[in-house]
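The values are calculated or read from the model by the stated rules, or taken from the named source; none is laboratory data. Quick caveat: nothing in here was measured; it's all calculated off a predicted structure. For neighbour counting, all protein chains shown are included, and Cβ atoms are generated from backbone atoms with ideal geometry for every residue, glycine included.
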Amino acid sequence: MKNSVLHTLNVAFEKAFSDLDFPPEIGQVRESDRPDLAPFQCNGAMAAAGILKKKGVKANPREIAGKIIEAVGSDQSIAGLEIAGPGFINILPSETIVAQRANTLLADDRTGASQQSPKTIVIDYGGANVAKPMHVGHLRSAVIGEALKRLLRFQGHNVIGDVHLGDWGLQMGHLISELESEKPDLPYFDSAQTDGFPKESPVSMDDMARLYPAASAKSKADPERLKLSQQATAELQAGRPGYRALLDHFIRISIEYLKKGYAELGVEFDLWKGEASVDPLIPEMIAEMTRLGITEESDGALIIPVDDNYDPEKRKGIPPVMLRARTGAVLYHTTDLATLIDRKNEIDPDEILYVVDQRQAMHFEQVFRAAHKAGWYNLEQLEHLGFGTVNGKDGKPFTTRDGGVLRLADLTEMMREAAAKKLAENNIGQDFGAEERADIAEKVGMAALKFADLQNQRTTNYVFDVDRFTAFEGKTGPYLLYAAVRIKSLLRKAKDSEFLSGEITITDKAEVQLALALDGFDRTISQAAAKRAPHILCEHIYRLAQSFSRFYTECPILKDGISGPVRASRLSFADLTLRQLELGLNIIGIQVPERM
Ligand code: ARG
């Protein structure tokens, strides 16, 4: 923020307000609502008139605006001031400070984005379940979580991403009992055997993908079959050695598989922990919570009330946390609380962010309150970042192809195919070799998918529309890649002609607007991070691409007859824009090909 053009103007205006005995903060300068008139505006004259009126002094905002203009008039950061409407002041910064600032951005490899004093932040995202099929909510979590992780890292924070696998619930009991009925002779099912189980997994990923739905369907139809799964879950959680050994195989095989899928999406986790990994902490945790006196017995279950005004009859307020069910089983609340202890012990983070479907908002509210009640965390340290659902064109939650399971591999393949089709339709890169074409299609497909998701406000639902996502026109990932690649090609041509870049000078209005767009990057980064809102960054990237395209139309670079210094300055603009585009795209997980 410091030293941006906006900041410099702000200082000048706040001083003017203060010189006229008004509180400086009412003189704040902001980006204009009417950029066609001027890039910045100050609305403080209205507030100033309000203050005078309260004191019983007659005041006209336009007159006050006039006085403010007089007071700042000679400031060298300003080229033009104009009163509009009831007393708005439109502000045009001087070309000198705009050029100065652009040169500062040019010299900075972060193109102006400041660093924050580092905090340790855990991001809990991805959240895939072992065996249970992935759904589109898991995809959103991965895409949004990855963007936030990179954004916060870019700010200088120490960020640890944890996939937090779902590997401790009924789905494990389904797998175990179904496998038992298929292959009862496996050593895992001999309750007398306590160790020496085979190192080799008895199941593959495909086996699991078959066993789980089979067990789940049978259990829905038959309560007796369900009981078998529940029984296996309870015995697993009670520590039956053969079941534990099986669980380890399930988890290992799933992680291997998921790692590949996430890698294709460009999503990387630092920790591959899960619910099962914190199970050993649970007995001591429950004992501690009981010692603290925050637990209650209820109907044989152990609960933690978290809302004094909770009224179960009227279904009002926040229901208690379920620490242990009547059956003795631990639940989703329990593993999330134990995970909070684990993170405290292992990492001691300043903040933990949970990127999980909005429909789990109540769950996290309950867990956070209980963790706070136990005195482990402040409520400000724990944040649930919910998101809306992705729907198909039919308005129902999106699923792939057969309408069933969402597999990351299928999804990336679908995006790749759609991108390849669009590239062909637009005749882009069709003369390149097969390998390069495939690489480009992959990048375009991923850019399409991620940008389509991240450009939305996190909490809104959106419709999955591959055709629209992969379009090269409009606010899409492919449009942005194309914009960046065009700059790369321009810079290559300049290099071939041995044109050098140099100091930035302003010769055209389009250069002012491009410089100011670039100068907004630092603000964008801090706002997007503070609000945990990747869409703010997406908006910036899109506007920057548009600003560049306007600039390039107005300000030719390679054409004959451009003077050396002007060409050098414009090449610097191109270079700076490309670097900022790539920084921004990289944060949202999008890679730019060399050419298209
Ligand atoms: N596995 C969970 C699900 O599929 C998501 C996990 C989210 N993270 C957490 N700490 N609860 O719904």
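Here are some notes:
- Failed item in (1) part of a helix (DSSP H, G or I); (2) modelled with pLDDT of 95 or more, with A409 passing the rest: (2)
- Some residue of segment 116-135 being part of a helix (DSSP H, G or I), on the phi < 0 side of the Ramachandran plot and crowded, with 20+ Cβ neighbours inside 10 Å: no
- Verdict on E268 being at pLDDT 95 or above and over 16 Å from L179 (Cα atoms): yes
- Among the conditions (1) touching a Leu at 6+ places or on another chain (Cβ under 7 Å); (2) without any contact (Cβ under 8 Å) to a residue 60 or more places away in the chain; (3) over 16 Å from L576 (Cα atoms), E473 misses just one, which is (1).
- Restricting segment 493-512 to residues that are free of Cβ contacts under 8 Å to residues at least 40 places away in the same chain and farther than 15 Å from I562 by Cβ, the residue that is surrounded by the most Cβ atoms within 10 Å (Cβ to Cβ) is K495.
- Some residue of segment 16-24 being in contact (Cβ under 8 Å) with a residue 40 or more places away in the chain and either surrounded by fewer than 21 Cβ atoms within 10 Å (Cβ to Cβ) or within 34 Å of the chain's Cα centre (by Cα) (or both): yes
- Of all residues in segment 361-390, those that are over 20 Å from R458 (Cβ atoms) and touching a residue at least 40 places away in the same chain (Cβ under 8 Å) have Cβ atoms under 7 Å from Cβ atoms of residues that are more than 15 Å from the ligand (Cβ to nearest atom) and assigned to a helix (DSSP H, G or I), 6 or more apart or on another chain, in A374/M289.
- Only one of R153, R140 that is assigned to a helix (DSSP H, G or I) and within 15 Å of the ligand (Cβ to nearest atom): R140
- Condition broken by W168, with the remaining ones in (1) surrounded by 19 or more Cβ atoms within 10 Å (Cβ to Cβ); (2) in a helix (DSSP H, G or I); (3) of a type outside the set (A, V, I, L, M) satisfied: (2)
- Complete set of residues in segment 548-564 that are under 17 Å from V98 (Cα atoms) and not in a loop (DSSP other than H, G, I, E, B): F548, F551
- When S219, S191 are checked against the criterion of being over 30 Å from V143 (Cβ atoms) and modelled with pLDDT under 95, S191 stands alone in meeting it.
- Residues in segment 301-356 that are in contact with a strand residue (DSSP E or B) (Cβ under 9 Å, 6 or more places away or on another chain) and basic (K, R): 3 in all.
- Count of segment 103-133 residues, restricted to those that are touching a residue at least 24 places away in the same chain (Cβ under 8 Å) and away from the ligand (no atom under 16 Å from the Cβ), is 16.
- Any chance E182 is more than 16 Å from the ligand (Cβ to nearest atom), of a type in the set (D, E) and surrounded by 24 or more Cβ atoms within 10 Å (Cβ to Cβ): no
- Helices (runs of 4 or more DSSP H) fully within segment 431-543 counting 1 or more residues that are more than 21 Å from the chain's Cα centre (by Cα): 434-454, 466-469, 477-496, 509-519
- Restricted to segment 350-367, and to residues there that are part of a helix (DSSP H, G or I) and away from the ligand (no atom under 11 Å from the Cβ), the residue that is surrounded by the fewest Cβ atoms within 10 Å (Cβ to Cβ) is M362.
- Here segment 301-331 is the region considered, the condition is being at pLDDT below 95 and outside any loop (DSSP other than H, G, I, E, B), and the residue that is nearest to the ligand (Cβ to nearest atom) is V330.
- Any pair with Cβ under 6 angstrom, 6 or more apart, that starts in segment 188-202 at a residue that is surrounded by 11 or more Cβ atoms within 10 Å (Cβ to Cβ) and ends at one that is not in a helix (DSSP H, G or I): P202/L186
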